[in-house]
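Here is the structure we will look at.
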Amino acid sequence: MIENSIYEKTKKGIINSVDYKKVMKKLIVPTGYMGSGSSAVTDLISEYENCSNEFKSYEYVFLHCPNGLFDLEDELMYGNNAIKSDYSIRTFYEQMKNLYDKKYWWVGNYKKIIGPQFMKYTQEFVDSITEFHFDGYWYMHQEPNFKMICKLVLRKPIKIIFRNKLFNDKILKYNDGMKLSFIEKKDFYKEANKYIYNIINNISHNVDNVIMDQLLLPFNMYRVDNYFGDDLRAIIVERDPRDVFILNKYVWKEKKISIPYPTDVETFCKYYKKMRKSEHPTNSKKVLRVHFEDLIYKYEETVKTIENFVGFDSDKHINKKRRFNPDLSIKNTQLFNGKTDYENEIKIIEKELKEYLYEFPYNLNNLTADTVEF
C-alpha cells in the first residue's frame, strides 16, 4: 500500500517520476490485435489485490496514436531535417491537447481520465526536448487557414487606405517562432520516461499496481526497453482468427461495435496476414504472449503463468472469476463450428491463416446468438 503522504502528493500532481517509481510495483499493459480478447487479461488482473483499473477497458493511446510520442520519436530520430522538428513537436503537442480536451472522443477526455496535470506534464516534456527556440518562420507557419484568411481580408482595405504603411508583419499560423530539436536518443528517452511516469502517477492513486489497457500495441513492443524500467509487464493476447472474423462480421457489426477488419473473407485473410507479419519482433523479458483460448481451456495453468510473469502471489487473487469467468467466456469460442452458414468462409481462413489457428482440446458447437458481452 502506498503511504498516505505519497498518495496525497500524487493526487496533487507534485510527486516526481523518481519518487513514483519507488512506490509503484508493476505497470501492467494488456494488449492485442483488435478483437483478440486482451480485455480478458485486464479483467483477470483487476481481480488481484491492490490493482488500479478505475476505467476498466479504457484504451490509453497517447504513445502510439498518430502524432503521439512514438511518432515524435521517429520524426526526431529518423526523419528529422534542419527545420522539420518544429512541425513534429507542434503536431505532438496539438494531438495531446486533442486527447485532453475532447470530452466525447472515446479515446480522449484526458482531463478526467488522467487529470488536469496532463497538459502541464506535456508542456514540460516539450520544453525539455526543444533545444532551440527563436524568432523565425518557415512554410508550415505560412500554411493558410480560415483564421489567417479572415485577417487578410480585413487588412486589405486598411492597407489600401494607408498605402501599405500599416501591418508590415506576416500573418502566420504560429506566432511564437521556431521550436527545433536535434536531441540525442538517450536524452529523448530520459525525458520521455519522466513524462510517461508523471502521467502514470496521476492514474495510480493509492494502489501498488497500475493497469493501462492498450498503452502499448504488439507492433511497438520493440521500443519497451527504451521507455520503461523493470516495472513494466506487457501481455499480448492473440486469438483464433476464425472466431475474430465471425464475431466481427456477424455479432459486433449488428451491435454497432465492429472493429476495423474487412468483412470480405479473402480480403480479411490478406489483411490479417500482412498485419501480423508487420510486427517487429522483440526478445524483451517485459513482454509475455498468451492465447485468449488458453485463459479459458487452460485457465489454472495460464493464470499461474501470468502470476509468475507479473510477480503476483496466488493468495492475492481475492476476486477470482468475478471479472473474468472462463465458464462464460467459453461461449465466445469455436463459433466457426456452430453454423454451416460460415463453412465456406472458415475453409478459406483455415487455408490462408493456418499458422494463427488455435488447437482446441475438444470441439464445441457454439452459436453467435449465445455469445456474451462484457
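The values are calculated or read from the model by the stated rules, or taken from the named source; none is laboratory data. Values in this document were obtained by computation on a predicted structure and should not be read as measured data. No Cβ is skipped: glycine too gets one built from the backbone with ideal geometry, and neighbour counts run over all protein chains shown. Quick note on the areas: whole protein, heavy atoms, side chains included, nothing else; ligands and nucleic acids left out. Shrake-Rupley method; radii C 1.70, N 1.55, O 1.52, S 1.80 Å.
Out of curiosity, is LEU27 surrounded by 23 or more Cβ atoms within 10 Å (Cβ to Cβ) and farther than 29 Å from ASN308 by Cβ?
Numbers: surrounded by 23 or more Cβ atoms within 10 Å (Cβ to Cβ): yes; farther than 29 Å from ASN308 by Cβ: no.
Answer is no for this residue.
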Residue in segment 178-186 that is among the acidic types (Asp, Glu) and over 30 Å from GLY136 (Cα atoms) present: no
Segment 224-272, residues that are acidic (Asp, Glu), open to solvent by 60 Å² or more (accessible area, probe 1.4 Å) and either modelled with pLDDT under 95 or farther than 23 Å from PHE312 by Cβ (or both): ASP230, GLU254, ASP264, GLU266
Failed condition for ASN81, given (1) assigned to a helix (DSSP H, G or I); (2) surrounded by fewer than 18 Cβ atoms within 10 Å (Cβ to Cβ); (3) modelled with pLDDT of 95 or more: (1)
Residue in segment 58-74 that is touching a residue at least 24 places away in the same chain (Cβ under 8 Å), open to solvent by 60 Å² or more (accessible area, probe 1.4 Å) and either of a type in the set (Ser, Thr, Tyr) or outside any loop (DSSP other than H, G, I, E, B) (or both) present: no
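Take ASP127 and decide whether it is within 22 Å of TYR227 (Cα to Cα) and at pLDDT 95 or above.
Working: within 22 Å of TYR227 (Cα to Cα): yes; at pLDDT 95 or above: yes.
In short, yes.
Here are some residues: ILE113, ILE89. Which one is open to solvent by 10 Å² or more (accessible area, probe 1.4 Å), under 21 Å from TYR197 (Cβ atoms) and among the β-branched types (Val, Ile, Thr)?
Numbers: ILE89 fails: open to solvent by 10 Å² or more (accessible area, probe 1.4 Å).
The unique qualifying residue is ILE113.
The rows are residues; the columns are (1) hydroxyl-bearing (Ser, Thr, Tyr); (2) at pLDDT below 95; (3) closer than 26 Å to HIS317 by Cα.
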{"position": "GLU8", "(1), (2), (3)": "no, yes, no"}
{"position": "ILE15", "(1), (2), (3)": "no, yes, no"}
{"position": "VAL18", "(1), (2), (3)": "no, yes, no"}
{"position": "MET24", "(1), (2), (3)": "no, yes, yes"}
{"position": "ILE45", "(1), (2), (3)": "no, no, yes"}
{"position": "SER52", "(1), (2), (3)": "yes, yes, yes"}
In segment 95-110, the residues that are free of Cβ contacts under 8 Å to residues at least 12 places away in the same chain and polar (S, T, N, Q): ASN98, ASN109
Criterion: surrounded by fewer than 18 Cβ atoms within 10 Å (Cβ to Cβ) and of a type in the set (D, E, K, R) - qualifying residue of LYS286, LYS277: LYS277
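Do the conditions hold for ASP176, that is, is it more than 24 Å from SER46 (Cα to Cα), modelled with pLDDT of 85 or more, of a type outside the set (Ser, Thr, Tyr) and not in a helix (DSSP H, G or I)? Write out each step before concluding.
Numbers: more than 24 Å from SER46 (Cα to Cα): yes; modelled with pLDDT of 85 or more: yes; of a type outside the set (Ser, Thr, Tyr): yes; not in a helix (DSSP H, G or I): yes.
In short, yes.
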Verdict on GLN117 being at pLDDT below 90 and among the polar types (S, T, N, Q): no
Subset of segment 336-354 that is over 13 Å from TYR250 (Cβ atoms) and open to solvent by 100 Å² or more (accessible area, probe 1.4 Å) - its residue that is nearest to the chain's Cα centre (by Cα): LYS354
